[in-house]
C-alpha cells in the first residue's frame, strides 16, 4: 500500500471518472464502491441496472455515488453507433452491425472514453485480453505520437531494496508477442514516462536479456542493444530525463552486488526500477513469477500508447488490485497529453509530476 497509497492521495486532489464495463462482477462492485468512498472520483458501472443492484445487495455493497448505465437503454446508443460506424468505415460496418457492437459493454465503455465522457476505462476481470483490447484498438486507437501500443505491470513488493523502494515497472507483459527494435524502444520510453509520472523521479530503465554487455552473442541480444540506443534517442526527443542501459541480465539489473561485478560503471545496473523484457513470453512469465512468488501487489495491465487511458486487468485480480489500477488510470488521465507530447518537457520532465 505504500506506492498505491501515494497514488490514491494524489488522485483525491484530482478526482476522475472511470468506467467499469463489468458492472455486475463482485470484485468490480467492491472496487467501485471503494473508489467513491476514497473520494477518487465518479465510478460508472455498465450493465442492466436491476442486475447490478441485485449483485450489490448480495454483497451488501452500497451503490451511493456509483453511476449505472445500461447500454441498451442509453440515450447515447444511437450516437455511439454512428461514431463506431464512422471509425470503422474502412470495414464498411453497417448501421445494424454498429449498433450491435456498441451494445457490448466493452465497446460502449471504449466509446465513452474516446468521446471524453469519462477519463479512463478498466475492464478484464471476466474477459480474455482480446475482448478488452479489440474495442480499445478499434475505437481509441494508438496515439500517433507514441506509434506503439503496449502494456505495463506495476509491482509493489515487500523488499524495499529492489526497484524504487519495492516498486517495479515491468513491460511489455500483455500486448506485443515479439516486438521489433522500434517497438521495444517505444515500450521502454512509454513505460519510463509512466514511471516518471507515478514515482516523481527520473526512471532507471533496464533493457533485459539473457546476456550482460556481450557475455553471449545472438540476434535477439543485438535487438536489445539496438533498442537501448534508440530508446535513449527517443527519450531525448521527448525531453524525458531517464537512464537506459542494456543488454542486462535480470540479476545485473536488480542486485547491486552482482551489478558491481558485471557492470560497475552502469547508472542503471543494480538500481533499475523499470524492466523491459525482450518479448511477451518472458514479460508475462516474469511478471507472474514476481506477483505470485513474491506475493506482490500487482497493478496492470496498464495500457500504454493509446489515445486515452485504459487498463486490461487480469482475471485473477482482486478488488484491491482493481481499485489500484483504477487509481493509476485516473492519475494517467491528469497528464495524459504530456505523456505522449513531442514538446520539450522542461529537461527533467517536471510537468509530468503530479502533486
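Miscellaneous remarks
- Hits in the range 316-344 (condition: modelled with pLDDT under 90 and part of a loop (DSSP other than H, G, I, E, B)): 316, 335, 340, 341, 342, 343, 344
Table: residues versus (1) on the phi < 0 side of the Ramachandran plot; (2) at pLDDT 95 or above.
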position: 180; (1), (2): yes, yes
position: 183; (1), (2): yes, yes
position: 187; (1), (2): yes, yes
position: 195; (1), (2): yes, yes
position: 204; (1), (2): yes, yes
position: 213; (1), (2): no, no
position: 216; (1), (2): yes, no
position: 220; (1), (2): yes, no
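- Positions within the range 18-59 being in a loop (DSSP other than H, G, I, E, B) and within 19 Å of residue 111 (Cβ to Cβ), in sequence order: 21, 22, 23, 47, 48
- Matching residues in the range 60-72 - criterion: being over 19 Å from residue 124 (Cα atoms) and in a helix (DSSP H, G or I): 72
- Of the residues making up the range 259-275, those that are part of a loop (DSSP other than H, G, I, E, B) and either on the phi < 0 side of the Ramachandran plot or touching a strand residue (DSSP E or B) at 6+ places or on another chain (Cβ under 6 Å) (or both) are 263, 264, 265, 266, 267, 268, 269, 271, 272, 273.
- Here residue 292 clears all of (1) at pLDDT 95 or above; (2) out of contact with any helix residue (DSSP H, G or I) (no Cβ under 9 Å at 6 or more places or on another chain) except the condition numbered (1).
- Enumeration of residues in the range 241-258 that are part of a helix (DSSP H, G or I), touching a strand residue (DSSP E or B) at 6+ places or on another chain (Cβ under 9 Å) and surrounded by fewer than 24 Cβ atoms within 10 Å (Cβ to Cβ): 250, 254
- Filter result (out of contact with any strand residue (DSSP E or B) (no Cβ under 7 Å at 6 or more places or on another chain) and surrounded by 17 or more Cβ atoms within 10 Å (Cβ to Cβ)) within the range 62-74: 63, 70
- Residue in the range 6-17 that is surrounded by 15 or more Cβ atoms within 10 Å (Cβ to Cβ), part of a strand (DSSP E or B) and within 21 Å of the chain's Cα centre (by Cα) present: yes
- From the list 4, 52, 44, the one residue that fits, being assigned by TED's automatic domain parsing to the domain that holds residue 131, under 30 Å from residue 138 (Cα atoms) and touching a residue at least 40 places away in the same chain (Cβ under 8 Å), is 44.
The values are calculated or read from the model by the stated rules, or taken from the named source; none is laboratory data. If you're wondering where the values come from, they're calculated on a predicted model, not measured in any experiment. Reconstructed Cβ throughout: ideal geometry from the backbone, glycine too, with neighbour counts over all protein chains shown.
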